[in-house]
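Report on one structure; see the data block that follows.
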Amino acid sequence: MLRLYDSLLSGNCWKARILLSQLGVKYERITLDLVRGDHLQPDFVKLSRFSRVPTLVMDDGRPIVESGAILMHLADGTHLLPDDKYARTEVFSWLFFEQADLQKAIAVPRVYNIRGLASQMADEIALRQKDGYGALDKLESWIKTRDWLVGSSYTIADLGVFAYVSVAAEGGYQMERYPAILRWLDSVRSTKGWVPLIVENSLSR
Ligand SMILES: N[C@@H](CCC(=O)N[C@@H](CS)C(=O)NCC(=O)O)C(=O)O
């Protein structure tokens with residue numbers, strides 16, 4: 001059975017859990033406590049070359065790191081990753097844009113807020129938000145005239161970009177500026193098999 005190493009609040013790990021649910025793939029979930037440093041334990045470092053979650057371990061024991069790579073691997077051959085070469089490349093473009101322009105711009109202020117460090121880290125938060133707003137502006141203008149990021153149906157491009165954008169308010173972003181993004185986020189939440197970030201019974205982990 002596939003094994004997913006994740007952490008409770010990580011948007012990158014959430015992407016993998018949503019996709020596994022949407023594809024109906026059974027997996028074993030191992031939730032690490034990053035504050036405690038579980039990801040720095042030698043056994044995990046051996047498995048996960050960057051010592052990060054998500055890490056997906058395949059049936060044959062080989063690990064896959066990086067959320068985008070996990071999405072591409074799992075979605076390959078399914079309706080969530082187009083066969084058409086150009087459409088597929090467009091999906092990859094969005095996944096790379098998310099990692100380069102959106103993920104840290106949202107995740108870093110969010111983590112500071114969650115850990116009560118917002119005033120201490122105000123300067124860094126402001127810098128990250130400047131970049132993040134620039135990327136969100138581009139996303140808003142793209143999605144304004146479309147239902148989905150690539151083509152005419154939901155793909156892993158939507159899922160990959162969705163995760164952090166949907167929690168941007170937790171990073172202090174004023175999302176009411178982005179009506180088209182808010183509409184699209186609701187569409188992603190309505191896709192079959194979508195699961196919330198926190199599931200009640202996972203809080204005890
Ligand atoms: N680019 C990576 C980022 C993964 C990442 O930053 N994971 C965080 C949790 S969201 C982590 O494991 N942090 C621990 C660390 O970097 O020490 C991906 O998309 O998977």
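Restricting attention to region 44-92, the residues that are more than 17 Å from Ser153 (Cβ to Cβ), of a type in the set (Gly, Ala, Ser) and out of contact with any Asp or Glu (no Cβ under 8 Å at 6 or more places or on another chain) total 5.
When Leu182 is tested against (1) surrounded by fewer than 21 Cβ atoms within 10 Å (Cβ to Cβ); (2) in a loop (DSSP other than H, G, I, E, B), exactly one condition is not met: (2).
The strands (runs of 3 or more DSSP E) found entirely in region 1-78 include none that carry 3 or more residues being within 12 Å of the ligand (Cβ to nearest atom), open to solvent by 10 Å² or more (accessible area, probe 1.4 Å) and under 20 Å from Gly193 (Cα atoms). The number of residues in region 123-160 that are over 16 Å from the mean Cα position of the chain (by Cα) and hydrophobic (A, V, I, L, M, F, W, C) comes to 7. Hey, any hits in region 155-175 for a residue that's open to solvent by 80 Å² or more (accessible area, probe 1.4 Å), modelled with pLDDT of 95 or more, within 28 Å of Leu74 (Cα to Cα) and not hydroxyl-bearing (Ser, Thr, Tyr)? Scanning region 155-175 turns up no residue that is open to solvent by 80 Å² or more (accessible area, probe 1.4 Å), modelled with pLDDT of 95 or more, within 28 Å of Leu74 (Cα to Cα) and not hydroxyl-bearing (Ser, Thr, Tyr). Looking across region 125-148, the residues that are over 20 Å from Leu159 (Cα atoms) and touching a Pro at 6+ places or on another chain (Cβ under 8 Å) come down to Ile125, Arg128, Gln129.
From Thr89, Thr145, which residue is open to solvent by 40 Å² or more (accessible area, probe 1.4 Å), assigned to a helix (DSSP H, G or I), among the β-branched types (Val, Ile, Thr) and not assigned by TED's automatic domain parsing to the domain that holds Ala16? Don't jump to the end; show me each part of the working.
On the way: Thr145 fails: assigned to a helix (DSSP H, G or I).
On inspection, the qualifying residue turns out to be Thr89.
Taking the stated definitions as given, is Val199 surrounded by 13 or more Cβ atoms within 10 Å (Cβ to Cβ) and either touching a Gly at 6+ places or on another chain (Cβ under 7 Å) or within 21 Å of Ile70 (Cβ to Cβ) (or both)?
Working: surrounded by 13 or more Cβ atoms within 10 Å (Cβ to Cβ): no; either touching a Gly at 6+ places or on another chain (Cβ under 7 Å) or within 21 Å of Ile70 (Cβ to Cβ) (or both): yes.
Taking the combined requirement at face value, the residue does not satisfy it.
The values are calculated or read from the model by the stated rules, or taken from the named source; none is laboratory data. A quick note: this is a predicted structure, and the numbers were derived from the prediction, not measured. Please note: Cβ atoms are built from the backbone with ideal geometry, for glycine as well, and neighbour counts cover all protein chains shown. The protein model used for the area step is the full one, side chains on, heavy atoms only, and it has no ligands, DNA or RNA in it. Shrake-Rupley method; radii C 1.70, N 1.55, O 1.52, S 1.80 Å.
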